[in-house]
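The values are calculated or read from the model by the stated rules, or taken from the named source; none is laboratory data. It should be emphasised that the depicted structure is a prediction, and the values quoted were computed from it without experimental measurement. Don't worry about glycine lacking a Cβ; one is built from the backbone with ideal geometry, like all the others, and counts go over all protein chains shown. Keep in mind that these areas ignore ligands, DNA and RNA; they rest on the heavy atoms of the full protein, side chains included. Shrake-Rupley method; radii C 1.70, N 1.55, O 1.52, S 1.80 Å.
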Amino acid sequence: MSGHSKWSTIKHKKGKIDAKRGQIFTKLAKYIAVASREGGSDPEMNAKLKEAIVKAKAANMPNENIDRAVKKGAGELQGSIYEEITYEGYGPGGVAVIVETLTDNKNRTAGDVRHAFDKNGGNLGISGSVGFLFTKKGQIMIEKSESIDEEELMMTALDAGAEDVETSDEGYEISTDPIDFGQVCEALKSAGYELISAEIAMIPSTETELTVPGDAKKMLKMIDMFDDNEDIQAVWHNWTGEEDEQ
């Protein structure tokens, strides 16, 4: 996802969630368990866990699944131990790519990530090779509705600590500092707004277009390979043409 409002991308991702709900929930459960293990099982005292739960609820993950993942992370239930590893590299045409993973077998995951890059005209880079091109931000998406008063939504978001609210024909994109992400989500939900997407995103400072025939198809294939891998939590890139290809 790039820095602009990515409504077609959001809908594409939600379509994947509907089609592969079990796989998405497995990824989210890993994320919740790791956050719980690292910072404790109380989301009010653990910002990372709170963000993970917000993301899970935005994907309509059942509360029972969320509670089970929290307990696994806290050691109350048996579960695997996962390690967070972030990979950086380049897709076709020099597109900057960040791949966030949670794995219990880093050799397997590293091989899978390298394969996806190599197979689609990209290459795995070293740590820090593209990370400087991205800024971490909370990103909340709300679809437009006749029942939403734009000024009221803006005031609710900004009063809760949001940095900015951008309006488009399809909806509202609310950006936050990662620290304030959880409280802004809670304030919006308490005010009755439905969040179509809510996550801590890596926003690129520059964008890359793909002009060579076939490169866009390779880039989409790479993204799909990453999305289909249960060890991979998120993929961020600075390709500006994804919306047009979906």
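May I ask for the distance between the Cα centers of region 181-246 and region 72-113, given as a whole number of Å? Taking the Cα centre of region 72-113 as reference, the centre of region 181-246 is 17 Å away. Relative contact order of region 61-192, taken over Cα pairs closer than 8 Å and 6 or more residues apart, is 18 percent. Between the beta carbons of T206 and E230, assuming R0 = 35 Å, the FRET efficiency works out to 0.70 to the nearest 0.05. Secondary-structure-derived ellipticity at 222 nm for the chain, considering helices only, amounts to -13500 deg cm²/dmol, per-run term -39500 (n - 2.57) for DSSP H runs with n ≥ 4. The order of the peptides 84-93, 189-198, 163-172 by mean Cβ neighbours within 10 Å, most packed first, is 84-93, 189-198, 163-172. Note on I85 and E64: the extension gain reaches 4.8 nm, defined as 0.36 nm multiplied by sequence separation minus the Cα-Cα distance. Between the labelled values (i) 47, 46, 33; (ii) 66, 51, 27; (iii) 90, 33, 28, the entry that holds Cα extents along the principal axes in Å as derived from this structure is (i). As a quick test, which of the pairs K50/K119; K48/K217; K27/K106; K50/K217 have an alpha carbon distance above 25 angstrom in this structure? The answer is K50/K119; K48/K217; K50/K217. Sorting E143, E209, E51 by accessible area puts them as E209, E143, E51; the probe is 1.4 Å, largest comes first, and only protein heavy atoms count.
For region 170-246, with all protein chains in place and a probe radius of 1.4 Å, 45% of the accessible heavy-atom surface sits on carbon or sulfur. In plain terms, the chain from H115 to Q23 could stretch by 31.1 nm, reckoned as 0.36 nm per residue minus the Cα-Cα distance. Heavy-atom accessible area with a 1.4 Å probe sorts D180, D149, largest first, into D149, D180.
Averaged per residue, the chain has 49 square angstrom of accessible surface, using a 1.4 angstrom probe with ligands and nucleic acids left out.
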